[in-house]
Amino acid sequence: MTPSLETRGLTIRFGGHVAVDAVSCAFLPGTLTAIVGPNGAGKTTYFNLISGQLAATAGRVFVGGDEVTALPAPLRTRRGLGRAFQLTNLFPNLTVLENVRLAVQARRGQGLNLWSIWSSHRAPIAEAEAILERIALTARRDAPAASLPHGDQRKLEVGILLALEPSVFMFDEPTAGMSVDEVPVILDLIREIKRDATRTILLVEHKMDVVRELADRIIVLHNGALAADGPPAEVIASPVVQRAYLGMSGDDGEGEAAR
């Protein structure tokens with residue numbers, strides 16, 4: 001099976017510091033891979049290299065078997081990479097509905113014209129309204145995006161990602177800063193995406209209970225390098241990983257990272 005996403009020797013240096021060090025990984029359709037490790041391990045930088053926010057010092061990125069290393073972020077998005085919470089498609093002064101509707105139009109190749117004939121917007125509006133229902137933002141459909149509280153802004157960004165229908169979903173700490181009541185909405189959406197065997201999910205997450213429940217595979221980054229890669233139970237049980245990378249005690253498998 002052709003990986004939906006693959007990195008080969010992906011590396012970036014900032015001066016003398018190697019932030020991501022020759023990371024090679026392939027990600028298959030129908031899988032959710034959690035990327036874990038201590039703060040400063042290179043997880044978000046690795047995401048930035050994959051999605052094109054940063055240019056690699058060395059290495060290559062492939063989407064669906066095609067190399068995208070030289071492509072900027074917007075073109076990688078068109079190839080099927082979807083990056084949650086760092087998309088440029090969120091317009092703070094437009095309404096919640098308009099933000100999602102424009103993402104639907106972009107995916108349909110209809111451009112971002114707000115002022116075209118209203119009748120041409122009927123289908124995108126209906127699709128956008130269905131997405132707002134899924135992310136529990138129907139009641140805020142006419143509110144400017146900038147007026148939303150933090151948790152709702154995160155839900156909106158997930159809605160935009162859903163509207164783009166990427167083949168690869170990249171979630172960077174999707175529940176960070178959310179209230180206890182808001183977290184289940186995001187996790188349910190990730191579960192829903194995971195049920196689609198054609199989609200691939202990458203998840204950077206510190207909450208190990210979330211990782212245990214959702215992940216098919218865990219990769220551990222430490223000092224920018226790949227320190228472990230395998231099934232969740234195997235990786236979490238490794239004493240070296242528990243002590244050095246997850247902040248857990250090697251005796252009972254519990255600790256800070258498990259909470």
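Miscellaneous remarks
- Amide proton proximity set for residue 68, modelled H, under 5 Å, gap of 5+: 61, 62, 63
- Distance from region 38-109 to region 119-157 (C-alpha centre basis), Å: 20 Å
- For region 37-85, alpha-carbon Rg relative to the globular expectation (2.2 N^0.38 Å, N residues): 1.14
- Area accessible to solvent at residue 222, 1.4 Å probe radius, in Å²: 60 Å²
- Between the helical axis of 96-108 and the longest alpha-carbon principal axis of the chain there is an angle of about 80 degrees.
- Region 157-232: proportion of alpha-carbon pairs further apart than 21 angstrom, %: 29 percent
- Highest GNM mean-square fluctuation among 142, 172, 152, for the chain modelled with Cα contacts below 10 Å: 142.
- For the chain, calculated [θ]222 nm from helices alone, where every DSSP H run of n ≥ 4 adds -39500 (n - 2.57): -9500 deg cm²/dmol
- The chain - percent relative contact order, Cα under 8 Å, separation 6 or more: 26 percent
- Scaled against the 2.2 N^0.38 Å expected of a compact globular protein of N residues, the Cα radius of gyration of region 1-90 reads 1.05.
- Note on the chain: Rg/Rh from Cα positions, Kirkwood definition for Rh, rounded to two decimals, is 0.99.
- Surface exposure of region 5-70, expressed per residue as accessible area with a 1.4 Å probe, stands at 38 Å².
The values are calculated or read from the model by the stated rules, or taken from the named source; none is laboratory data. Bear in mind that the values here come from a model prediction, so they are computed numbers and not experimental data. To get the accessible areas, we keep the full protein, side chains included, count just its heavy atoms, and leave off ligands, DNA and RNA. Shrake-Rupley method; radii C 1.70, N 1.55, O 1.52, S 1.80 Å.
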